[in-house]
Amino acid sequence: MSRASASQSAPPLRGWSSSGGVRTITFGEDQPLHLSSGEKLSPLTIGYETYGELAPDKSNAVLVCHALTGDQYVASPNPVTGRPGWWPRIVGPGKPIDTNRFFVICANVLGGCMGTSGPASMHADGRPYGLRFPVFTVADMVRAQAMLVEALGIKQLFCVIGGSIGGMQALQWAAAYPQRVFACVPVATAARHSAQNIAFYEVGRQAIMADPEWREGDYLFHGTRPAKGLAVARMAAHITYLSEAALHRKFDRALQEREKVSFGFDADFQVESYLRHQGQSFVDRFDANSYLYITRAVDYFDLAADFGGALPRAFHDCPSRFCAFAFSSDWHYPPEGMKQAVRALIASGCEASYVEVDSDKGHDAFLLEEPAFEHALAGFIDAAALARGLTPGAAR
Amino acid sequence: MKQARADYEVISALVHEGARVLDVGCGDGALLQKLIAEKRVKGRGMELSQAGVNACVAKGLAVVQGDADRDLQFFPDGAFDYVILSKTIQAVHRPGEVLAELARIGHRVIVSLPNFGHWRTRMALLFGGRMPVNPSLPSSWHETGNIHLCTVRDFAELCASLGLMIERGVPISGGHAGSPFAQTLWRANWFAEDVVFAVVATDSAVRPATDVVKLRA
C-alpha cells in the first residue's frame, strides 16, 4: 500500500489540509454545494482517504462509497478510533479492488462526522450547526463526491462501488453522471428506501430525540451527548443488519456469564449483551445529529421519483456497465429490491449483471467473508479493467 | 461435449450479425462468447447457478442470476432479436409458460432440446423396459434434472397451442447437423438425437398470463 505516494500525487490545491490525521479538502464560498432542497452549503469540507497511485492518465480511479455509519478508512485504520479498515476482504493489495492496481478514493459522506461538513461542524457564528445544518439527499452526497473527484482531476471513474446506502450512492452516480462512471457496482442496496426501512430509521431518530441530553439538537453547545438515545438507535438498526439464522448461530439463547436467568433486567442473554456493546461502542465514534440527517437523506431516496416515476429513465443511454449484488438472507435490502433496479437497467438497455449470493448472514454479509461474492466481484472488476484497457492486476 | 458444440454451431448459424441475443440458462457463457466472437452479437445471459454466473461475469458477460421459471420478467417486451434456450426447456417447471415468455421477450426463439422420440430411445424403452440413458440423456431417471422431456412432435404441438410457428428445425445426430426441416416432422422425430428449433410468434400467439411488468419508459 502506498498511501504516502498517494498523498504526493494529490494535486497541490488551495484548501487541502489534514487535521488530526484526517485528510480534508475545503471548497470555499465560490464553490457552494447546491442541495436538492434549493439551499446552498458553503463552505464545504470533505474528509477523504486514498490508496494506491493514480495512473498518469487518471484512468484507474475507484470510488468506494461507505454505508450509513461507515467512514473513509476503507482499507486502513481509522486514526481517531484505531479500528481497522472496514472492507479488508474487498479493498487492499491483491484484493478484488487491488490497491496495487487502482487508485481508490473513499470520502466521508456529506453530513458525516469524520471530517466532512455535517451538523457537528462549526457554523460561521462559531457554534456547531446542530439542526441548522441543511437537510440533504443522497443526490447531494454524490454531488459533493463529484466535487472531490473533479478536484482530484479525474474525468471518469473506472468504478463506483458501495454497499447498503453506499450502493444507493453508486446508483445515483450512474444516474447523475453516466459519462463519469465506467463501471458501477451496487451491493446489497435498492433504488428506493422501503417503508420498512423508513420505519426502522424513524425508531432510531425518535430514540435519539427522546433523550433529554439531545437538547433539541443543540447538545454540542450545551456540552452534553444523547448517548443513550443514539445507542438505542444503533441497537435497533443493528438487528436489521443481521438475520435470524446469524443470530441463532452466534447466540441462540445462550446466557451472558451466568448459569441461570437473573429474574431482573440485566443483560441475561448474550444477544442483549452484544447489542448493548454495539450501542455503546457506536456512541463513542458517531454524532447523533449526523445519524438523524443521514438516515433522513436515505429515507428520501427514490431514484425513480427523480425521473418521472420510471426507473429505467434514470439509466437512459447510460454507458456504464453494472454488476449488482444481493444476498439471499438480507431483509434490510432484500434481493427483490435489487432485482427491481436490475430490471430497470436491463429495460434501459444497460449492460447489467446481477449476482444473488446465497448467504445466511443477512445484510452484513457484504462486509463479511463470502467467497462467492468476492470471486464474482473480482471477476467483474478484472473483466471491466480489461475492457477499459487497464493493465492486468497482480497475480491472485 | 461434441453434442453441445454441434448444437452451438447450428445456433450460431441461425443468428444474424450484430443481433441482440439473450441466452437463457447460459451456463458458463460459452455459447454467448461464441456468438459474440462469430456474430458480434450484443449478448445477455440468465443463469441459475452461482458458478455459472461467476464464470460469465469474469468473462465480462452481462448475466443476471435467475430462474427461467420465475425471473424472465427481468426482460421487457421485444428486447431481443433472439432468445436462446439451449437444452434447458426439458429442465424447467412450466415449459409452456417459459416458451410464451421467451416469445414475448424476443422476436425469435431458438430452442434446442434432446429428442425423446429418437428411434434408439424408443427401442430402449420398448425392449429394455427402462427409461433410456444415452449421450443425450446421460442421467438415470431419478437423478436427471430433465423433468419435462418431449419429442419433436410434442414440441411442435406445444408451439402450435401457443400460437408459435416453427420457422425451421435442424436435426442433429452423431454430433452433426442434418438438413433443416419446417413442415415434415416425422423424419426428425425418428432420427434426430437433438433438434434446434427457430420459432416465431404468429398474430394469434398466446401472451403470458403472468402480470408482466411493463418496463419500457
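The values are calculated or read from the model by the stated rules, or taken from the named source; none is laboratory data. Only a predicted model underlies this, so the values are computations on that prediction, with no experimental measurement involved. All Cβ positions, glycine included, derive from the backbone under ideal geometry; neighbour counts span all protein chains shown.
What the table shows:
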{"quantity": "Residue A:318 being outside any helix (DSSP H, G or I), in contact with a Cys (Cβ under 7 Å, 6 or more places away or on another chain), of a type in the set (A, V, I, L, M, F, W, C) and buried (at least 21 other Cβ atoms within 10 Å of the Cβ)", "calculated": "yes"}
{"quantity": "Verdict on residue A:382 being surrounded by fewer than 22 Cβ atoms within 10 Å (Cβ to Cβ), over 22 Å from residue B:72 (Cα atoms) and more than 10 Å from every other protein chain (Cβ to nearest Cβ)", "calculated": "no"}
{"quantity": "Selected residue [under 27 Å from residue A:313 (Cα atoms) and either more than 13 Å from chain A (Cβ to nearest Cβ) or out of contact with any strand residue (DSSP E or B) (no Cβ under 8 Å at 6 or more places or on another chain) (or both)] from B:62, B:37, B:58, B:68", "calculated": "B:68"}
{"quantity": "Residue A:306 being in contact (Cβ under 8 Å) with a residue 24 or more places away in the chain and assigned to a loop (DSSP other than H, G, I, E, B)", "calculated": "no"}
{"quantity": "Checking residue A:164 against (1) on the phi > 0 side of the Ramachandran plot; (2) out of contact with any Ser or Thr (no Cβ under 8 Å at 6 or more places or on another chain); (3) not acidic (Asp, Glu), the condition it does not meet", "calculated": "(2)"}
{"quantity": "Which numbered condition residue A:337 fails, given (1) closer than 26 Å to residue A:182 by Cα; (2) in contact with a Cys (Cβ under 7 Å, 6 or more places away or on another chain); (3) not hydrophobic (A, V, I, L, M, F, W, C)", "calculated": "(2)"}
{"quantity": "Any hit, the range A:285-295, residues being charged (D, E, K, R), in contact (Cβ under 8 Å) with a residue 60 or more places away in the chain, more than 11 Å from chain B (Cβ to nearest Cβ) and farther than 21 Å from residue A:87 by Cβ", "calculated": "yes"}
{"quantity": "Options A:285, A:215, A:205: the member that is touching a Ser or Thr at 6+ places or on another chain (Cβ under 7 Å) and on the phi > 0 side of the Ramachandran plot", "calculated": "A:215"}
{"quantity": "Output for the range A:340-363, where each listed residue is within 15 Å of residue A:187 (Cα to Cα) and either of a type in the set (S, T, N, Q) or within 9 Å of chain B (Cβ to nearest Cβ) (or both)", "calculated": "A:340, A:342, A:352, A:353, A:354, A:355, A:356, A:357, A:358, A:359"}
{"quantity": "Residue list for the range A:61-94, restricted to those being part of a loop (DSSP other than H, G, I, E, B) and in contact with a helix residue (DSSP H, G or I) (Cβ under 8 Å, 6 or more places away or on another chain)", "calculated": "A:66, A:67, A:68, A:69, A:70, A:76, A:86, A:87, A:89, A:90"}
{"quantity": "So residue A:359, is it in a loop (DSSP other than H, G, I, E, B) and not assigned by TED's automatic domain parsing to the domain that holds residue A:229", "calculated": "yes"}
{"quantity": "Odd one out for residue B:87, checked against (1) within 14 Å of chain A (Cβ to nearest Cβ); (2) touching a residue at least 60 places away in the same chain (Cβ under 8 Å); (3) basic (Lys, Arg)", "calculated": "(1)"}
{"quantity": "From the options A:276, A:258, A:253, A:215, residue that is modelled with pLDDT of 95 or more and in a loop (DSSP other than H, G, I, E, B)", "calculated": "A:253"}
{"quantity": "Number of the condition not met by residue A:337 [criteria: (1) within 11 Å of chain B (Cβ to nearest Cβ); (2) surrounded by fewer than 23 Cβ atoms within 10 Å (Cβ to Cβ); (3) within 20 Å of the chain's Cα centre (by Cα)]", "calculated": "(1)"}
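Per-residue answers, yes or no, for (1) surrounded by 17 or more Cβ atoms within 10 Å (Cβ to Cβ); (2) within 30 Å of residue A:119 (Cα to Cα); (3) in contact with a helix residue (DSSP H, G or I) (Cβ under 6 Å, 6 or more places away or on another chain):
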residue: A:230; (1), (2), (3): yes, yes, yes
residue: A:263; (1), (2), (3): no, no, no
residue: A:272; (1), (2), (3): no, no, no
residue: A:287; (1), (2), (3): yes, yes, no
